[in-house]
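Peer 1: The structure under discussion is supplied below as structure tokens; questions concerning it will follow.
The values are calculated or read from the model by the stated rules, or taken from the named source; none is laboratory data. A quick note: this is a predicted structure, and the numbers were derived from the prediction, not measured. Cβ atoms come from the backbone with ideal geometry, glycine included; neighbour counts cover every protein chain shown.
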Amino acid sequence: MKALFEKISADEGSSFLTRYVALPQFDAPLHYHPEFELTLIVCGQGKRFVGDHVANFEAGDLVLLGSNLPHFWRSDINSKNTGELHEAIVLQFSTDFVNHILANLPECATIITLLNNARSGIRFSEKLAPFIWKVFETTGVHRLVALISALQQLAESEEFELLASKGFNIKPDETENERMRKIIEFTLENFKEDIPLDTIAEVANLTVPSFCRYFKSRTRKTYVYFLNEIRLSNARKMLMDNQLDISQICIECGFQNLSHFHRIFKAQTGVTPMVYRRRFG
């Protein structure tokens with residue numbers, strides 16, 4: 001499976017692209033494009049990958065992506081059989097639009113700062129979703145004004161989270177992304193099982209030492225840490241969504257040892273699984 005370079009064209013009569021996506025599930029491959037992207041999840045849940053960052057998403061998830069930042073949204077495995085569509089609003093605008101229009105407007109200085117920070121990907125509060133809806137629902141020059149207004153609201157927001165690490169270093173080329181795509185896909189499909197380093201190194205067509213150096217240099221984290229991020233992301237969702245025993249959740253998420261699960265969970269969340277369930281379940 002190859003990572004995809006996505007070629008994007010603006011809407012006819014518009015300087016940027018707007019789309020409403022409605023699918024049985026989000027299953028696009030790891031991909032990148034020169035355009036900036038704003039994605040608002042209207043309906044659906046699953047996992048979001050931005051650079052080296054992985055987290056759960058649900059309705060209201062709002063993310064700004066910088067140019068050539070690898071990303072994809074993946075619906076939960078069992079979502080395809082629910083009959084409910086996964087829906088999103090996607091806005092995409094080119095670097096030319098930013099550099100030749102916005103950058104030449106002094107009033108847009110804070111927006112330019114925002115877009116520079118978007119190289120890591122930024123998640124915003126769902127409170128800002130109405131501004132994205134307004135862009136989608138208007139036309140002509142009103143749509144352009146609505147986009148600039150939405151970007152200004154994002155730039156002024158104090159509720160945000162930077163996603164990919166500052167050291168994230170996957171180059172936007174086919175070979176790099178194909179290898180990382182294989183690593184991510186294999187991990188997603190097998191995180192409930194034991195994944196020895198020699199197994200994942202073979203997936204990447206590297207020796208174990210070369211794989212460890214490769215993954216650490218690209219993501220600034222070890223593969224084991226990344227694997228635990230995916231497992232813990234799944235565990236947090238299960239703790240909030242169902243009443244399975246914590247020991248069962250431990251096994252379902254790929255942790256074979258309950259004490260190890262507790263230790264890793266607390267190290268990354270600051271609380272034990274039981275406390276997390278009490279707070280968010």
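Peer 1: Do you know which residues across the stretch 206-259 are in contact with a Gly (Cβ under 7 Å, 6 or more places away or on another chain) and part of a loop (DSSP other than H, G, I, E, B)?
Peer 2: Arg220, the sole residue that qualifies.
Peer 1: Hey, another quick one. How about the stretch 54-71: which of its residues are assigned to a loop (DSSP other than H, G, I, E, B), over 17 Å from Ser233 (Cα atoms) and free of Cβ contacts under 8 Å to residues at least 60 places away in the same chain?
Peer 2: Answer for the stretch 54-71, where residues must be assigned to a loop (DSSP other than H, G, I, E, B), over 17 Å from Ser233 (Cα atoms) and free of Cβ contacts under 8 Å to residues at least 60 places away in the same chain: Gly66, Ser67.
Peer 1: Name the one entry in Ile77, Ile122 that is in contact (Cβ under 8 Å) with a residue 40 or more places away in the chain and within 24 Å of Ile230 (Cβ to Cβ).
Peer 2: Values: Ile77 fails: in contact (Cβ under 8 Å) with a residue 40 or more places away in the chain.
Among Ile77, Ile122, only Ile122 is in contact (Cβ under 8 Å) with a residue 40 or more places away in the chain and within 24 Å of Ile230 (Cβ to Cβ).
Peer 1: Assuming Ile183 fulfils every condition listed in (1) of a type in the set (Val, Ile, Thr); (2) out of contact with any helix residue (DSSP H, G or I) (no Cβ under 7 Å at 6 or more places or on another chain); (3) at pLDDT below 95 apart from one, which condition is it?
Peer 2: (2)
Peer 1: Hey, another quick one. Among Glu35, Glu84, which is of a type outside the set (Val, Ile, Thr) and either surrounded by fewer than 19 Cβ atoms within 10 Å (Cβ to Cβ) or not assigned by TED's automatic domain parsing to the domain that holds Gln152 (or both)?
Peer 2: Values: Glu35 fails: either surrounded by fewer than 19 Cβ atoms within 10 Å (Cβ to Cβ) or not assigned by TED's automatic domain parsing to the domain that holds Gln152 (or both).
Step by step, each of Glu35, Glu84 is checked, and only Glu84 is of a type outside the set (Val, Ile, Thr) and either surrounded by fewer than 19 Cβ atoms within 10 Å (Cβ to Cβ) or not assigned by TED's automatic domain parsing to the domain that holds Gln152 (or both).
Peer 1: Tell me, yes or no, whether the stretch 205-225 has at least one residue that is charged (D, E, K, R), outside the structural domain of His31 (by TED's automatic domain parsing) and closer than 22 Å to Asp76 by Cα.
Peer 2: Within the stretch 205-225, not a single residue is charged (D, E, K, R), outside the structural domain of His31 (by TED's automatic domain parsing) and closer than 22 Å to Asp76 by Cα.
Peer 1: Also: Going through Glu189, Glu193 one at a time, which residue ends up being among the charged types (D, E, K, R), free of Cβ contacts under 8 Å to residues at least 60 places away in the same chain and surrounded by fewer than 16 Cβ atoms within 10 Å (Cβ to Cβ)?
Peer 2: None of the other options fit; the residue is Glu189.
Peer 1: Kindly provide the set of residues from the stretch 260-274 that are of a type in the set (S, T, N, Q) and assigned to a helix (DSSP H, G or I), ordered by number. If you could, list the steps in order and put the result at the bottom.
Peer 2: Going residue by residue through the stretch 260-274, those that are of a type in the set (S, T, N, Q) are 268-269, 272.
Answer for the stretch 260-274, where residues must be of a type in the set (S, T, N, Q) and assigned to a helix (DSSP H, G or I): Gln268, Thr269.
Peer 1: Might you check whether a residue that is touching a Ser or Thr at 6+ places or on another chain (Cβ under 9 Å), among the polar types (S, T, N, Q) and farther than 20 Å from Phe124 by Cβ occurs anywhere in the stretch 52-75?
Peer 2: Within the stretch 52-75 (the criterion being touching a Ser or Thr at 6+ places or on another chain (Cβ under 9 Å), among the polar types (S, T, N, Q) and farther than 20 Å from Phe124 by Cβ), the answer is no, since none of the residues qualifies.
Peer 1: Shifting gears a bit: Which residue is farthest from Arg48 (Cα to Cα), if the candidates are limited to the stretch 97-124 and must be within 22 Å of the chain's Cα centre (by Cα) and not hydrophobic (A, V, I, L, M, F, W, C)?
Peer 2: Thr113
Peer 1: Go through the stretch 90-115 residue by residue and tally those that are free of Cβ contacts under 8 Å to residues at least 24 places away in the same chain and either crowded, with 20+ Cβ neighbours inside 10 Å or of a type outside the set (Val, Ile, Thr) (or both).
Peer 2: Total satisfying the criteria: 9.
Conditions (1) crowded, with 20+ Cβ neighbours inside 10 Å; (2) more than 30 Å from Lys216 (Cβ to Cβ); (3) modelled with pLDDT under 95; (4) of a type outside the set (Ser, Thr, Tyr), marked per residue:
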| residue | (1), (2), (3), (4) |
| --- | --- |
| Ala88 | yes, yes, no, yes |
| Ala118 | yes, no, no, yes |
| Phe131 | yes, yes, no, yes |
| Phe168 | yes, no, yes, yes |
| Glu174 | no, no, yes, yes |
| Glu178 | no, no, yes, yes |
